[in-house]
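One structure below.
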Amino acid sequence: MIKKILLLLLFILILFGAWTSWKILGRGTAFEGSRYFLYVKTGSNFDNLMETLRKDRVLERPGVFKLAAEKLSVPERLKAGKYEIKKGTSVLNIIRMLRNGRQSPVNLVITKLRTKNDFARFAGNQLECDSAAIMDFFNNPDSMHRFALDSNTAMTVIIPNTYTMYWNTNPSKLFRKLHEEEQKFWNKDRLEKAARLGLSPAQAYTLASIIEEETNKYDEMPLIASVYLNRMKKGMRLGADPTVKFASGDFAARRVTFRMIDESSESPYNTYKNPGLPPGPICTPSIKTIDAVLNAADTDYLYFCAKPDFSGYHSFAATDAEHLKNARAYQRALDSLQIK
């Protein structure tokens, strides 16, 4: 009789073990869709985690998860981060991921941005640190001094590219990553090319930002770079329309007017009123545009004007008379288009 009771107990234990294993090792998710991203904020605890999992109905059996997670020391080892849970993942695998802090990386794909606020919003939408924290770091002289930057040159550290980092990266680590990549970008070859043009890396970046806003025709960028470099050598003002748009904050303006130039005359970014390059970039230029500046054409051009065929390309000139001729041709084309 005792033997039968023991066998029955053993059978019950085996069944219970199988049931428990199925609960922990089998499918543990309950959400719709192919995946769910779990965000564990810095400073949050295991209770906060359970509240999120229950509120979003992530797990089929949150009670089983809680019991197993506590037994496997998840509350003590929980790390902030962004975690990807795929549909059908087992409770045990979710626990292992959280216990080991196996985060899903964030790919920060940086293209053209115009202002520090633009960058702060862009990065703040994809990382735990919000735009206000990033702007505070931008505007802190001590923070910028560590990277040999100031409030005007801060954006020169951003080389448009794809940056892989963790969601809980703070502003300091974010800038350190950007600075490391910027240092790699300015290799010996690029530094030598900038020096031959009489430019520092920050100045080359700033000039590239103007050209980035002037045209999307990469094949003529070295020619436009030569125009601005020649003007700088002669002590002429750059007279770059994009800098007036930046100074006025009117990026949507289709044409720069005399009124815009006058109203933004106090801004150091207005190159119609101030000599030389502006104190910092007016956007984050692409790598191709920076390299176009570093490989500027050797010309005597001082002017460029949109071609009358509206192709997006420009006519270049070395003298006032040539430029006036090109400008009149373009104006006639505009007049003709308006009449039609």
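The figures follow:
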| quantity | calculated |
| --- | --- |
| Matching residues, segment 311-330, being touching a Leu at 6+ places or on another chain (Cβ under 8 Å) and of a type in the set (Phe, Trp, Tyr) | Phe316 |
| Candidate set: segment 125-147, residues that are charged (D, E, K, R) and outside any helix (DSSP H, G or I); chosen: the one surrounded by the fewest Cβ atoms within 10 Å (Cβ to Cβ) | Arg146 |
| Qualifying residue in segment 172-184 (condition: assigned to a loop (DSSP other than H, G, I, E, B) and open to solvent by 50 Å² or more (accessible area, probe 1.4 Å)) | no |
| Test: residue in segment 74-82 that is farther than 24 Å from Met165 by Cα and of a type in the set (A, V, I, L, M, F, W, C) | no |
| Breaking point among (1) free of Cβ contacts under 8 Å to residues at least 60 places away in the same chain; (2) within 18 Å of Pro242 (Cβ to Cβ), for Gln203 | (1) |
| Looking only at segment 280-321, and only at residues there that are assigned to a loop (DSSP other than H, G, I, E, B) and without any contact (Cβ under 8 Å) to a residue 60 or more places away in the chain, the one that is surrounded by the most Cβ atoms within 10 Å (Cβ to Cβ) | Pro308 |
| Lone qualifier among Asp250, Asp189 - being touching a helix residue (DSSP H, G or I) at 6+ places or on another chain (Cβ under 9 Å), in a loop (DSSP other than H, G, I, E, B) and charged (D, E, K, R) | Asp250 |
| Members of segment 210-239 found to be part of a loop (DSSP other than H, G, I, E, B) and farther than 16 Å from Pro278 by Cα, listed by number | Thr215, Asn216, Lys217, Lys234 |
| Failed item, numbered, when Leu229 is tested on (1) in contact with a Leu (Cβ under 7 Å, 6 or more places away or on another chain); (2) under 14 Å from Thr271 (Cα atoms); (3) open to solvent by 50 Å² or more (accessible area, probe 1.4 Å) | (3) |
| Odd one out for Ser264 among (1) modelled with pLDDT under 95; (2) over 27 Å from the mean Cα position of the chain (by Cα); (3) open to solvent by 20 Å² or more (accessible area, probe 1.4 Å) | (3) |
| Thr257, sole failed condition from (1) at pLDDT 95 or above; (2) more than 31 Å from the chain's Cα centre (by Cα) | (1) |
| Residue under evaluation Leu324, criteria (1) within 19 Å of Leu197 (Cα to Cα); (2) open to solvent by 30 Å² or more (accessible area, probe 1.4 Å); (3) aliphatic (A, V, I, L, M), criterion not met | (1) |
| From the options Lys234, Lys217, Lys245, residue that is open to solvent by 10 Å² or more (accessible area, probe 1.4 Å), within 23 Å of the chain's Cα centre (by Cα) and closer than 17 Å to Ala296 by Cα | Lys217 |
| Where Leu199 falls short, out of the listed (1) in contact with a strand residue (DSSP E or B) (Cβ under 6 Å, 6 or more places away or on another chain); (2) aliphatic (A, V, I, L, M); (3) outside any helix (DSSP H, G or I) | (1) |
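So that you can scan it fast, the table gives a plain yes or no per residue for (1) at pLDDT 95 or above; (2) hydrophobic (A, V, I, L, M, F, W, C):
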{"site": "Phe122", "(1), (2)": "yes, yes"}
{"site": "Asn139", "(1), (2)": "no, no"}
{"site": "Asp150", "(1), (2)": "no, no"}
{"site": "Met155", "(1), (2)": "yes, yes"}
{"site": "Lys177", "(1), (2)": "yes, no"}
{"site": "Glu182", "(1), (2)": "yes, no"}
{"site": "Leu199", "(1), (2)": "yes, yes"}
{"site": "Ile211", "(1), (2)": "yes, yes"}
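So that you can scan it fast, the table gives a plain yes or no per residue for (1) in contact with an Asp or Glu (Cβ under 9 Å, 6 or more places away or on another chain); (2) touching a residue at least 24 places away in the same chain (Cβ under 8 Å); (3) within 22 Å of Asp150 (Cβ to Cβ); (4) of a type in the set (Phe, Trp, Tyr):
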residue: Lys217; (1), (2), (3), (4): no, yes, no, no
residue: Glu220; (1), (2), (3), (4): no, yes, no, no
residue: Val227; (1), (2), (3), (4): no, yes, no, no
residue: Met232; (1), (2), (3), (4): no, yes, yes, no
residue: Phe246; (1), (2), (3), (4): yes, yes, yes, yes
residue: Ser267; (1), (2), (3), (4): no, no, yes, no
residue: Tyr272; (1), (2), (3), (4): yes, yes, no, yes
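Listed here are the residues, each with its yes/no results for (1) touching a Gly at 6+ places or on another chain (Cβ under 9 Å); (2) under 23 Å from Lys177 (Cβ atoms); (3) open to solvent by 40 Å² or more (accessible area, probe 1.4 Å); (4) in a helix (DSSP H, G or I).
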{"site": "Arg57", "(1), (2), (3), (4)": "no, no, yes, no"}
{"site": "Glu76", "(1), (2), (3), (4)": "no, no, yes, yes"}
{"site": "Ile94", "(1), (2), (3), (4)": "yes, no, no, yes"}
{"site": "Gln103", "(1), (2), (3), (4)": "yes, yes, no, no"}
{"site": "Asn107", "(1), (2), (3), (4)": "no, yes, yes, no"}
{"site": "Arg114", "(1), (2), (3), (4)": "no, yes, yes, no"}
{"site": "Ala123", "(1), (2), (3), (4)": "no, yes, no, yes"}
{"site": "Leu149", "(1), (2), (3), (4)": "no, yes, no, no"}
{"site": "Asn152", "(1), (2), (3), (4)": "yes, yes, yes, no"}
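The values are calculated or read from the model by the stated rules, or taken from the named source; none is laboratory data. Fair warning: this is a prediction, and the values are worked out from it, not measured in the lab. In this analysis, Cβ positions are derived from the backbone assuming ideal geometry, glycine residues included, and neighbour counts consider all displayed protein chains. Just so you know, the surface numbers come from the protein's heavy atoms only, side chains and all, with ligands and any DNA or RNA stripped out. Shrake-Rupley method; radii C 1.70, N 1.55, O 1.52, S 1.80 Å.
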